[in-house]
Amino acid sequence: MSSQKVAIVTGAARGIGAGVAKRLAADGLAVAVLDLDADACAATVSAITEAGGKAIAVGADVSNEESVNAAVATIVEKLGPPTVVVNNAGIIRDNMLFKMTVDDWDAVMAVHLRGAFNVTKAAQKHMVDAGWGRIVNLSSTSALGNRGQANYSAAKAGMQGFTKTLAIELGKFGVTANAIAPGFIETEMTAATAERVGVPFEDFKKAAASQIPVNRTGVPEDIAHTASFFISEGAGFVSGQVVYVAGGPKD
Ligand code: NAP
């Protein structure tokens, strides 16, 4: 088995996950590009391989334990034991509380929280065996509260508690766990929000940028850069942290 480290990036067919997968591959890791539909991962995988990196497409529903366990077994077989996990897969089911259904609540919890739990649990054995590992969880500025996102903000705050507990439990095995809490990042997710509120995406971005201290909206590469730091060798003493990558301070 080669000494190349193996990373799993969930929700990596597009958006932030695709950006993170490409960056980790450029950093020298072999990347399992995991998403609901393996075919949808083709663009990310070919971008990586065309740039000289190593990647495979893996189809799995992170909210389903069996699906995740099967995916991790395939990754071990094809790439080797994963020691880096980026829990990025996510969905939104926004609505004001009085209109939010139990299905809206459960779907968001299932993908973000159960999904991160399933993937981390399946991969942690390999990190513990290796005596080294890096876990990066995607939170959000919505963890601080956001109108229309009772489900999502609860899940994203939950990701922070999950991260801190992983840091405490797995630290002695050489494993760090950190969270990235992005602000406004230009992806299909924010495009969908613009559509829901009935504003053209360009106008929505401009309005958001005017409220952001660095005067622009974020792009997946902004998050990928932070993930690259967290998974680096030199970041081994940084664990249990939440970094807001939002173009300005958040607390
Ligand atoms: P996105 O463009 O909607 O991409 C999310 C990806 O996750 C999609 O490819 C989606 O697949 C996949 N996915 C959804 N459910 C899944 C499941 N059960 N199993 C496996 N994959 C699944 O979203 P994004 O904007 O890149 O967001 C990525 C992460 O960052 C999310 O956790 C999000 O909450 C967080 N975040 C985003 C922003 C932002 O401004 N964009 C801000 C803060 C935090 P399908 O296409 O098949 O649905």
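The values are calculated or read from the model by the stated rules, or taken from the named source; none is laboratory data. Just so we're clear, the structure is a prediction, and the values are computed from it rather than from any experiment. Note that each Cβ is placed from the backbone with ideal geometry, even for glycine, and that neighbours are counted across all protein chains shown. These accessible areas exclude ligands, DNA and RNA; they are computed on the full protein's heavy atoms, side chains included. Shrake-Rupley method; radii C 1.70, N 1.55, O 1.52, S 1.80 Å.
If the condition is being open to solvent by 50 Å² or more (accessible area, probe 1.4 Å), within 14 Å of the ligand (Cβ to nearest atom) and part of a loop (DSSP other than H, G, I, E, B), then region 188-219 contributes Gln211, Arg216. Scanning region 30-39 for residues that are surrounded by 24 or more Cβ atoms within 10 Å (Cβ to Cβ) and away from the ligand (no atom under 11 Å from the Cβ) gives Val31, Ala32. Just so you know, in region 146-179 the residues that are among the basic types (Lys, Arg) and more than 20 Å from the chain's Cα centre (by Cα) include one that is nearest to Asp94 (Cα to Cα), and it is Arg147.
Condition check for Val119 on (1) in contact with a Phe, Trp or Tyr (Cβ under 9 Å, 6 or more places away or on another chain); (2) surrounded by 23 or more Cβ atoms within 10 Å (Cβ to Cβ); (3) of a type in the set (Val, Ile, Thr): one failure, at (1). Pairing residues of region 200-212 that are small (Gly, Ala, Ser) with residues that are open to solvent by 80 Å² or more (accessible area, probe 1.4 Å), at Cβ distances under 8 Å and at least 6 apart in sequence or on separate chains, gives Ala209/Asn215; Ala209/Arg216.
For every residue, the table says whether it meets (1) over 18 Å from Thr83 (Cα atoms); (2) open to solvent by 10 Å² or more (accessible area, probe 1.4 Å); (3) assigned to a loop (DSSP other than H, G, I, E, B); (4) within 15 Å of the ligand (Cβ to nearest atom).
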{"position": "Ser3", "(1), (2), (3), (4)": "no, yes, yes, no"}
{"position": "Val9", "(1), (2), (3), (4)": "no, no, no, yes"}
{"position": "Ala12", "(1), (2), (3), (4)": "no, no, yes, yes"}
{"position": "Gly28", "(1), (2), (3), (4)": "no, yes, yes, no"}
{"position": "Cys41", "(1), (2), (3), (4)": "yes, no, no, yes"}
{"position": "Val45", "(1), (2), (3), (4)": "yes, yes, no, yes"}
